[in-house]
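The values are calculated or read from the model by the stated rules, or taken from the named source; none is laboratory data. Here the structure is a predicted model, which is why all the values come from computation and not from measurement. Heads up, the Cβs are rebuilt from the backbone with ideal geometry, glycines too, and the neighbour counts pull from every protein chain shown. Protein only, heavy atoms only, side chains kept; ligands, DNA and RNA dropped before computing areas. Shrake-Rupley method; radii C 1.70, N 1.55, O 1.52, S 1.80 Å.
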Amino acid sequence: MKILVSDHLHEAGIELLRQHAEVEVATGLSKEELIEKIRDKDGLLVRSATKVTRDVIEAAENLKVIGRAGVGVDNIDIKAATERGIIVVNAPEASSITVAEHTIGLMLALARRIPQANASLKAGKWEKKKFLGIELRGKTLGVIGMGRIGSQVVRKAKAFEMHCIAYDPYISKKLAEELGVEVVELDELLARSDFITIHVPLTEQTRHLINAEAIAKMKDGAYLINAARGGVVDEAALYDALRSGKLAGAALDVFEKEPPFGNPLLELDNCIVTPHLGASTEEAQRYASLIACEEVLKVLRGEPPRNVVNMPRLPPEVLDKLKDHLALAEALGNFAIQLVSGRIRDVEVTFCGALAEEEHQEVLTNAALKGLLSPILTEGVNLLNAPVVAKNRDIRITQAKREDAEKYESLIILRVKTDEGETMVKGSSVGGEVRITGIEEYAIELTPSGKMLIVKHEDKPGMIGRVATVLGEKQINIGAMQVGRREKGETQLMVLSVDQPVGKEVVKEIASIPGVYSVKELEM
Ligand code: NAD
């Protein structure tokens, strides 16, 4: 086995590779040099510096696996790798403890103003009174996002005798309680916490989750910590809150623009900053290197890896046959997660018509789970680990089959039950294109793409016009529209394709139109 290591990886992983393979370490390569070196290699290991582009992948004649010693795979052309049957593996869990420890470090630094006291003493001052701090013991810590890092933060905060509460609409209450946190809604978390720490991915829902409105709901004198992603906090609103004293302090490891030179937050004494150091420890690097190298060796030995980024190990002919249905199942999952409210409890996938006899239904179910879970998790839900990720979140999965596929050759029905209700989306692959054929009990036929608005409303004259008027006033153009209903005079479901983002405010306005029952904005 020949393996190329083209970035600075921790030596521990490279030593492991050397026990089993012929290893070439060559960093700082130009694209041409990389193309030359990759030609005869079976495996490639990178961090984030090497750009594994399509040309590089296509030049690799023997390449079977690419390992990323870390989390993000933005530097690897996953599509090109998948097309060539090359498996991409990573090490998503490697830095969770490290980031959680940094978070606790930031919290202690805020409570005792360690960075400010350090600067003061080094400036020749002995200001004992000025730096009177507070204890963590007995304080309430609000954790936003209870994934890998958030749950580690809770474990550590409990050792400081803090009371932990959490907001994460996608984790079951039972699981959270096992971790020893009280699950609350966001507003309650904001109102009750002395310290708030953020551990969510940056998504459309979480962008500026902490804005002026959210800050106004926080306790006066609360502290905010962000070691997740910069865009989750509206920095201008945070600046105002720190200036006015509404918040006692903030600690930031991440920024909307990095490096944050010129960012006014850096000028505030009550804002502690670190240069995106969350994952930077010797151990996290060692662990990432070891995990990625182990995974690469597993693939080369034909064993199942744990952290596959791109695909299941199915024969190419099976993957090819299922390609369209995989895309359909994933799209149904992605559509459904944007429609549901509440914590997911059950997911049921029903295969109808020709698909009822499909022997690889499980992979299609996993694709639906991938579509459901990817938008809410930082990364790494794939066709292999999706059932494990779902199980860890206490989601029950069932499969069913049905002969009747309505007017289609085959049909997938995805039913998602949450603690607040249930949603159902049906779809078919028509000429290789994803088609949504039903939402709940409404027959609808649409190709999901771009921005959409789904409005459930009373079936009476004028409703469509009223919704369109609100959108028109806001300069939001409607590209297409569909209406579905069960019986005349009952509830109708309107699906609008819109050219501009609608946004929370306009969604609220439409929801307040008399006769409108619910409004959801979706993007596919
Ligand atoms: P994860 O995917 O394991 O967990 C994210 C959690 O957020 C999930 O439990 C999910 O249910 C929850 N979530 C999703 N949308 C939400 C919403 N709208 N409201 C509340 N909760 C929501 O991710 P992780 O590995 O724990 O990473 C958390 C964050 O830390 C990510 O933003 C990641 O990019 C960041 N990170 C930062 C550093 C650093 O150097 N500072 C290093 C690694 C990761």
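Computed over the alpha carbons of segment 96-273, Rg followed by Dmax gives 15.6, 53 Å. Just the protein heavy atoms count here, and of the accessible area of segment 449-524 at 1.4 Å, carbon and sulfur take up 50 percent. Full extension of the chain segment joining Arg466 with Thr82 gains 133.6 nm, where the gain is 0.36 nm per residue of separation less the Cα-Cα distance. Annotation: the chain has a Kirkwood hydrodynamic radius of 25.5 angstrom, from the mean reciprocal C-alpha pair distance.
Taking every alpha-carbon pair under 8 Å whose residues sit at least 6 apart, segment 298-452 reaches a relative contact order of 29 percent. Amide H contacts of Val89: Ile66, Gly67, Arg68, Val309, each under 5 Å away and 5 or more positions distant or on a separate chain (H built 1.01 Å from N in the peptide plane; Pro and chain starts excluded). Using amide H atoms built in the peptide plane, which far-off residues or other-chain residues are under 5 Å from Gly450 H to H? Under 5 Å from the amide H of Gly450 lie the amide H atoms of Met524, each far enough along the sequence or on another chain. DSSP finds beta bridges in segment 312-448, and of those with both partners inside it, around 75 percent are antiparallel.
Taking amide H as placed 1.01 Å from N in the peptide plane, His163 has its amide H under 5 Å from the amide H of Gly138, Lys139, Thr140, Leu141, each at least 5 places away in sequence or on another chain.
When the alpha carbon gyration tensor of segment 105-194 is reduced to an equivalent ellipsoid, its three semi-axes come out at 32, 12, 11 angstrom, largest first. When peptides 395-406, 81-92, 248-259, 10-21 are ranked by their average number of other Cβ atoms within 10 Å per residue, the highest-first order is 81-92, 248-259, 10-21, 395-406. When the C-alpha to C-alpha distance is required to be over 22 Å, the pairs from Lys370/Lys451; Lys128/Lys246; Lys64/Lys323; Lys2/Lys31; Lys217/Lys508; Lys156/Lys298 that qualify are Lys128/Lys246; Lys156/Lys298.
With contributions of -39500 (n - 2.57) from each DSSP H run of at least four residues, the per-residue ellipticity at 222 nm computed over the chain stands at -10500 deg cm²/dmol.
Across segment 355-366, coupling constants 3J(HN,Hα) worked out from phi with the 6.51/-1.76/1.60 Karplus curve, θ = phi - 60°, read 6, 4, 9, 5, 7, 9, 4, 4, 5, 5, 4, 5 Hz, and Gly and Pro carry x. Taking the DSSP beta bridges with both ends in the chain, the antiparallel portion is around 50 percent. Averaged over its residues, the chain has an accessible area of 46 Å² per residue, based on protein heavy atoms and a 1.4 Å probe. In order along segment 108-116, the Karplus-derived 3J(HN,Hα) couplings, from 6.51 cos²θ - 1.76 cosθ + 1.60 at θ = phi - 60°, round to 5, 4, 5, 5, 10, 6, 4, x, 5 Hz, and Gly and Pro are given as x. Per-residue 3J(HN,Hα) values for segment 256-270, derived from phi via the Karplus relation 6.51 cos²θ - 1.76 cosθ + 1.60 with θ = phi - 60°, read 4, 10, 10, x, x, 4, x, 6, x, 4, 5, 8, 8, 5, 8 Hz in sequence order (x marks Gly and Pro).
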